[in-house]
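Participant: Could you have a look at this structure, given as structure tokens, before my questions?
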Amino acid sequence: MGTVTRMTLLAIAATSMLTTNVQAELLDWYKQQLFEPSSQQLAMEQNGRIMIYDGLRDKDVQRALDEQFDRVESMMFTGTIVTDESGEPAINRETGEVLVENDGCD
């Protein structure tokens, strides 16, 4: 394997890891906004701000709807990941892709 090929593979691996870390950080930030909003976040919501949450698990969305019902008008959920009984993302057996709820935004 040539040096260029090895460097390319390392770059792809590093990008994949970085993307995964960024996605995890974004999901953590979404959950913080949902379940532990700052006073500033709440004030913005009272002034009409709508937060779009993309890629949360269905169990987190349901928890938000149950626990934060008074804030529902300020929430929009897209790309919600369907989970199995154990709470892990459900996989489409035909495609191998994670199942995502149809949010009607296609």
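Participant: Is it the case that the range 83-98 has a residue that's over 24 Å from M44 (Cβ atoms), under 17 Å from the mean Cα position of the chain (by Cα), of a type in the set (S, T, N, Q) and not in a helix (DSSP H, G or I)?
Facilitator: Checked against the condition, which is being over 24 Å from M44 (Cβ atoms), under 17 Å from the mean Cα position of the chain (by Cα), of a type in the set (S, T, N, Q) and not in a helix (DSSP H, G or I), the range 83-98 yields at least one hit.
Participant: With the structure loaded, tell me whether T78 is over 16 Å from the mean Cα position of the chain (by Cα) and among the β-branched types (V, I, T) or whether it fails that test.
Facilitator: Answer is no for this residue.
Participant: Which pairs turn up if I take residues in the range 23-41 that are without any contact (Cβ under 8 Å) to a residue 60 or more places away in the chain and among the polar types (S, T, N, Q) and look for partners that are surrounded by fewer than 17 Cβ atoms within 10 Å (Cβ to Cβ) and not in a helix (DSSP H, G or I) with beta carbon separation below 7 Å, at least 6 apart in sequence or on another chain?
Facilitator: Cβ pairs passing all conditions: Q33/M51.
Participant: Evaluate the range 55-62: report whether one residue or more is in a helix (DSSP H, G or I) and either β-branched (V, I, T) or at pLDDT below 90 (or both).
Facilitator: yes
Participant: Looking only at the range 31-39, decide whether some residue is within 19 Å of V98 (Cβ to Cβ) and surrounded by 10 or more Cβ atoms within 10 Å (Cβ to Cβ).
Facilitator: Yes.
Participant: Condition check: at pLDDT below 95, among the charged types (D, E, K, R) and assigned to a helix (DSSP H, G or I). Does D103 satisfy that?
Facilitator: Details: at pLDDT below 95: yes; among the charged types (D, E, K, R): yes; assigned to a helix (DSSP H, G or I): no.
Answer is no for this residue.
The values are calculated or read from the model by the stated rules, or taken from the named source; none is laboratory data. Quantities reported herein were computed from a predicted structural model and do not represent experimental measurements. Every residue, glycine as well, gets a Cβ built from its backbone with ideal geometry; the counts of neighbours run over all protein chains shown.
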